[in-house]
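Right, one structure below, let's go through it.
The values are calculated or read from the model by the stated rules, or taken from the named source; none is laboratory data. Treat the numbers as computed from the prediction; the structure is a model and nothing was measured. Reconstructed Cβ throughout: ideal geometry from the backbone, glycine too, with neighbour counts over all protein chains shown.
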């Protein structure tokens, strides 16, 4: 009887080039960028920004390791590690942050807590940025029940994984 291999196939993408645009990975991949990138990055899996990389982008990911320079905001769902040569100009959000001596962060840091295995919560402005919409539209949708939301105190909050599922369902309609 043939033995079944239960290991998940590992997808690796190593980029050492200049690129611009929007990269969205719907499946987990181990992505390493060693060159330059400008635009938006939305990844699943592991993202490594190499020591010689120069990035001008907003980044959404799960596990992110930064060794190079990033100008832009970073949202890491699981963890963010800043290596000694990292230089970030922008705000970061992550539940777990590791910073090696020598790393530079010019911006604000928010330590977000998980609401589920792979999720965290966003406020109105963060969701508006994520969906590339106006905050007023998000507030209107939340008030009318058109978007999955919950109140934390007097503020609307949004579970990222629930929003992703909602987006997928809305595209089908």
Inset, instruction - Give the residue that is surrounded by the fewest Cβ atoms within 10 Å (Cβ to Cβ), with candidates limited to residues of the range 76-93 that are in contact (Cβ under 8 Å) with a residue 24 or more places away in the chain and under 15 Å from residue 160 (Cβ atoms). - result: 78
Inset, instruction - Of the numbered conditions (1) modelled with pLDDT of 90 or more; (2) more than 17 Å from residue 77 (Cα to Cα), residue 49 fails exactly one; give the number of that condition. - result: (2)
Legend entry - Test result for residue 69, closer than 23 Å to residue 121 by Cβ and surrounded by fewer than 20 Cβ atoms within 10 Å (Cβ to Cβ): no
Inset, instruction - Please tell me if residue 60 is within 20 Å of residue 27 (Cβ to Cβ), at pLDDT 90 or above and either out of contact with any strand residue (DSSP E or B) (no Cβ under 8 Å at 6 or more places or on another chain) or assigned by TED's automatic domain parsing to the domain that holds residue 22 (or both). - result: yes
Legend entry - residue 93, sole failed condition from (1) modelled with pLDDT under 95; (2) more than 20 Å from residue 26 (Cα to Cα); (3) assigned by TED's automatic domain parsing to the domain that holds residue 37; (4) out of contact with any helix residue (DSSP H, G or I) (no Cβ under 8 Å at 6 or more places or on another chain): (4)
Inset, instruction - Confirm whether residue 153 is modelled with pLDDT under 85, more than 15 Å from residue 60 (Cβ to Cβ) and in contact with a helix residue (DSSP H, G or I) (Cβ under 8 Å, 6 or more places away or on another chain). - result: no
Inset, instruction - Kindly provide the set of residues from the range 123-168 that are more than 21 Å from the chain's Cα centre (by Cα), part of a helix (DSSP H, G or I) and more than 23 Å from residue 91 (Cβ to Cβ), ordered by number. - result: 140, 141, 143, 144
Inset, instruction - Would you mind telling me which numbered condition in (1) modelled with pLDDT under 90; (2) assigned to a strand (DSSP E or B) residue 81 fails? - result: (1)
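Every residue, every condition in (1) outside the structural domain of residue 168 (by TED's automatic domain parsing); (2) touching a strand residue (DSSP E or B) at 6+ places or on another chain (Cβ under 6 Å), yes or no:
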{"position": "103", "(1), (2)": "yes, yes"}
{"position": "121", "(1), (2)": "no, yes"}
{"position": "148", "(1), (2)": "no, no"}
{"position": "151", "(1), (2)": "no, no"}
{"position": "155", "(1), (2)": "no, no"}
Inset, instruction - All but one of (1) at pLDDT below 90; (2) loosely packed, with under 14 Cβ neighbours inside 10 Å; (3) farther than 18 Å from residue 160 by Cβ hold for residue 26, so report the exception by its number. - result: (3)
